[in-house]
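Some notes on the structure that comes next.
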Amino acid sequence: MCQVFISADPHLYDCRVRSVRLHGVATSIRLENLFWNVLADIASRDGMRVPQLCTKLYDELVQERGEVDNFASFLRVCCGRYLALQLSGGIPQDASIPISSLNAQRVLATEHSPVPLAHSPFELVSPGVRRSMVA
């Protein structure tokens, strides 16, 4: 199982720091290259560059929540949600369709609620086989 993950290109999990101006203030954001790549995909769908997308996300997050505790983590979650929403059909795979043209409520309706991490003291090892996670 782990081979699927450990065979990833090491460049994807190398970190890169980029400087982004948020309202005239230079801010450094440190993310793995994989996340920078996904952010570039998201930004390009709406004719933006990554710094513009980061500024837009930051502004809307501050407007919605009032503050930003960990912007880098927020960006990672955005990337994960973007990919998950593509898989669920909420966001079209066709990169020529701008995200800004989508109906947010319809997109969010396709989002599956996460499965609780500790829903049982057992984990599924293979179909029909369970083993206790309690040591």
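Would you check if Asn33 is surrounded by fewer than 17 Cβ atoms within 10 Å (Cβ to Cβ), closer than 22 Å to Asp9 by Cα and of a type outside the set (A, V, I, L, M, F, W, C)?
Yes, satisfied.
Quickly run through the stretch 19-76 and pick out the residues that are polar (S, T, N, Q) and assigned to a helix (DSSP H, G or I).
Pass one, the stretch 19-76, residues polar (S, T, N, Q): 19, 27-28, 33, 37, 44, 52, 55, 63, 70, 73.
Answer for the stretch 19-76, where residues must be polar (S, T, N, Q) and assigned to a helix (DSSP H, G or I): Asn33, Asn37, Ser44, Gln52, Thr55, Gln63, Ser73.
Return the residues of the stretch 79-94 that are open to solvent by 30 Å² or more (accessible area, probe 1.4 Å) and either of a type in the set (Gly, Ala, Ser) or in contact (Cβ under 8 Å) with a residue 24 or more places away in the chain (or both); say none if nothing qualifies.
Listed by number, the residues that qualify are Gly80, Arg81, Leu83, Ala84, Ser88, Gly89.
The values are calculated or read from the model by the stated rules, or taken from the named source; none is laboratory data. Everything numeric in this text was worked out from a predicted model, so none of it was measured. Heads up, the Cβs are rebuilt from the backbone with ideal geometry, glycines too, and the neighbour counts pull from every protein chain shown. Each accessible area value is taken on the protein alone, full model and side chains, heavy atoms only, with ligands, DNA and RNA left out. Shrake-Rupley method; radii C 1.70, N 1.55, O 1.52, S 1.80 Å.
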